[in-house]
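All remarks here apply to the structure that follows.
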Amino acid sequence: MYTQSFNVPDGAAPAKPVAAVLNATQQQVQDAAQIKFDAIIDADGKIEPKDWMPEAYRKTLVRQISQHAHSEIVGMLPEGNWISRAPSLKRKAILIAKVQDEGGHGLYLYSAAETLGTSRDQMLDALHSCKAKYSSIFNYPTLNWADVGVIGWLVDGAAIMNQIPLCRCSYGPYARAMVRVCKEESFHQRQGFEALLAMMQGTPAQHAMVQDAVNRWWWKCLAMFGPPDADSPNSVQGMRWGIKRMSNDDLRQKFVDATVPQAKVLGVTLPDPDLKWNEERGHHDYGQIDWDEFWATVNGNGPCNKERLATRVKAHTDGEWVRAAALAFAQKKAKQQAAQKEAA
Amino acid sequence: MSNPQSTSKEWPLWEVFVRSKQGLEHKHCGSLHAADAQQALHMARDVYTRRQEGVSIWVLPSAAITASDPEDKDTLFEPARDKVYRHPTFFVIPDDVGHM
């Protein structure tokens with residue numbers, strides 16, 4: 001699932017390298033390459049890994065794709081929390097499959113980012129040292145079983161809205177990864193909605209659990225689409241490059257309009273007194289999002305930021321010996337095979 | 001796909017090809033890191049075939065691929081452009097000949 005559709009500048013920006021001075025011929029070659037690149041973008045074409053691309057395009061993609069990958073991996077944690085406590089074997093099997101999918105999505109995306117010349121280790125180091133961001137939605141706790149359903153329905157629902165336009169991204173490997181992700185994502189949203197439907201057919205206490213989870217997640221999901229367009233100066237460049245296809249506010253509106261009737265079917269209310277149909281606009285109006293809280297969470301001060309990161313780092317550190325052993329074993333076997341060949 | 005200089009302890013990169021069903025070719029579907037070929041196969045199964053997307057998998061070290069340079073695209077592929085006579089539709093055949 002799960003991109004935050006905007007790209008937050010990662011922390012601790014390295015000092016800007018001084019641009020190498022190009023001689024006249026080099027400058028000419030670069031200008032020609034830029035013209036070719038612009039023509040491909042204008043024609044809605046695709047850029048592939050070995051094609052020339054402007055440095056800023058490459059950097060933006062590395063940041064966005066790696067943030068997206070980190071979000072998938074960290075996104076395994078809030079739900080993974082409930083695997084051992086799922087209410088039935090069926091729900092447990094479904095949840096395991098979903099969490100495994102998130103891991104898979106992270107891997108597709110890391111691979112896509114690696115085609116731009118960054119390494120897996122560099123990306124993981126950036127995540128583990130707090131230099132790279134991930135979607136702020138995962139810094140909130142999953143307090144009861146209904147949270148798992150609501151994450152599927154709303155968080156994955158919001159992510160799908162974000163990700164479908166990314167299937168048409170101008171960078172080939174990212175677009176292809178997103179096609180694969182989107183195919184699998186629909187299962188995530190439907191399983192969540194269905195789990196909530198089951199609870200809504202249960203006791204009043206179960207209804208209350210669902211409503212409570214919706215109340216806690218709704219505003220966070222709206223914030224997932226990123227700051228209002230007026231406060232997203234980078235969006236314009238992203239749109240120009242065909243990396244971003246729809247603006248934050250347009251996506252958010254689409255999500256609200258799609259979700260309102262779903263909430264009705266489910267029998268829950270969305271916690272926004274200002275939410276109402278606007279005949280004139282042909283869309284729902286909705287209330288003010290608390291951006292201060294959003295930024296506080298993005299900047300490390302959400303309820304679970306420290307716990308999530310610590311869990312990630314611990315998993316990585318605890319796995320260190322396994323990675324080293326597998327590599328040592330592979331090297332030993334390769335050596336043995338080479339020796340056998342020589343002997344033969 | 002590029003293979004960043006792995007001076008580190010990073011597992012090497014492998015490209016994954018999956019045959020979606022008997023009778024079709026293996027198609028590139030992505031890449032992954034693994035310590036050796038056997039592990040790459042296992043990983044490819046988990047990463048790329050969780051929904052019966054395949055009946056057979058190939059993995060090969062990314063470093064073993066030799067790719068054409070995008071800069072050579074014109075030199076390599078342009079010469080075929082004006083040889084339209086290589087396509088059957090270039091030839092006008094009277095209708096009464098029927099299907100040919």
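In the condition set (1) within 30 Å of A:Asp42 (Cα to Cα); (2) out of contact with any helix residue (DSSP H, G or I) (no Cβ under 6 Å at 6 or more places or on another chain), A:Leu166 is compliant with all but (2).
In the stretch A:227-266, how many are within 28 Å of A:Ile40 (Cα to Cα) and part of a loop (DSSP other than H, G, I, E, B)? Residues that pass the stated criteria total 8. For the residues B:Ala40, B:Ala35, B:Ala44, the requirement of being at pLDDT 95 or above, within 22 Å of A:Tyr110 (Cα to Cα) and more than 21 Å from the chain's Cα centre (by Cα) singles out B:Ala35.
One residue stands out in the stretch A:15-39 among those that are loosely packed, with under 11 Cβ neighbours inside 10 Å and at pLDDT 80 or above: the one that is nearest to A:Glu55 (Cα to Cα), namely A:Ile35. Of all residues in the stretch A:115-133, those that are within 14 Å of another protein chain (Cβ to nearest Cβ) and over 17 Å from A:Gly302 (Cα atoms) have Cβ atoms under 6 Å from Cβ atoms of residues that are of a type in the set (A, V, I, L, M, F, W, C) and part of a helix (DSSP H, G or I), 6 or more apart or on another chain, in A:Leu116/A:Leu61; A:Leu116/A:Val62; A:Thr118/A:Val62. Going through (1) in a loop (DSSP other than H, G, I, E, B); (2) within 11 Å of chain A (Cβ to nearest Cβ); (3) under 19 Å from A:Arg180 (Cα atoms) one by one, B:Lys9 falls short only on (3). When residues in the stretch A:75-102 are screened for being in contact with a Leu (Cβ under 8 Å, 6 or more places away or on another chain), assigned to a helix (DSSP H, G or I) and either among the hydrophobic types (A, V, I, L, M, F, W, C) or on the phi > 0 side of the Ramachandran plot (or both), 1 of them pass. A:Arg323 satisfies every condition listed in (1) exposed (fewer than 14 other Cβ atoms within 10 Å of the Cβ); (2) within 14 Å of another protein chain (Cβ to nearest Cβ) except (1). Selection of the stretch A:33-65 for residues being within 14 Å of another protein chain (Cβ to nearest Cβ), of a type in the set (D, E, K, R) and in a helix (DSSP H, G or I) yields A:Lys36, A:Arg58. Of the residues making up the stretch B:35-58, those that are more than 8 Å from chain A (Cβ to nearest Cβ), of a type in the set (A, V, I, L, M) and outside any strand (DSSP E or B) are B:Ala37, B:Ala40, B:Leu41, B:Met43, B:Ala44, B:Val55. Residue check: A:Lys341 meets all listed conditions (1) surrounded by fewer than 12 Cβ atoms within 10 Å (Cβ to Cβ); (2) within 20 Å of the chain's Cα centre (by Cα); (3) free of Cβ contacts under 8 Å to residues at least 60 places away in the same chain but one, namely (2).
Pairs are defined by a Cβ separation below 7 Å, a sequence spacing of at least 6 or placement on different chains, a first member in the stretch A:194-206 that is closer than 18 Å to A:Thr269 by Cβ, and a second member that is of a type outside the set (Val, Ile, Thr) and outside any helix (DSSP H, G or I); the pairs so defined are A:Met200/A:Gly267. Every test in (1) crowded, with 23+ Cβ neighbours inside 10 Å; (2) out of contact with any Phe, Trp or Tyr (no Cβ under 6 Å at 6 or more places or on another chain) is passed by A:Gly226 save one, and that test is (2).
At negative phi, within 13 Å of another protein chain (Cβ to nearest Cβ) and without any contact (Cβ under 8 Å) to a residue 40 or more places away in the chain, is that true of A:Gly287? No, not satisfied.
Just a yes or no: is a residue in the stretch B:86-93 within 14 Å of chain A (Cβ to nearest Cβ) and out of contact with any Ser or Thr (no Cβ under 8 Å at 6 or more places or on another chain)? The answer is no; no qualifying residue exists.
Residues considered: A:Gln211, A:Gln206. Of these, the only one that is surrounded by fewer than 21 Cβ atoms within 10 Å (Cβ to Cβ) and more than 19 Å from A:Gly287 (Cα to Cα) is A:Gln206. Among the residues of the stretch B:13-28, those identified as in contact (Cβ under 8 Å) with a residue 24 or more places away in the chain and within 11 Å of another protein chain (Cβ to nearest Cβ) are B:Leu13, B:Trp14, B:Glu15, B:Val16. Could you check, for the stretch B:45-52, whether at least one of its residues is free of Cβ contacts under 8 Å to residues at least 40 places away in the same chain, over 21 Å from A:Glu184 (Cβ atoms) and β-branched (Val, Ile, Thr)? No. Filtered by the rule that a residue be under 19 Å from B:Val47 (Cα atoms) and either in contact with a Cys (Cβ under 7 Å, 6 or more places away or on another chain) or more than 10 Å from chain B (Cβ to nearest Cβ) (or both), the stretch A:80-104 gives A:Gly80, A:Ala93, A:Ile94, A:Leu95, A:Ile96, A:Lys98, A:Val99, A:Glu102.
The values are calculated or read from the model by the stated rules, or taken from the named source; none is laboratory data. Here the structure is a predicted model, which is why all the values come from computation and not from measurement. We place every Cβ from the backbone using ideal geometry, glycine too, and count neighbours over all the protein chains shown.
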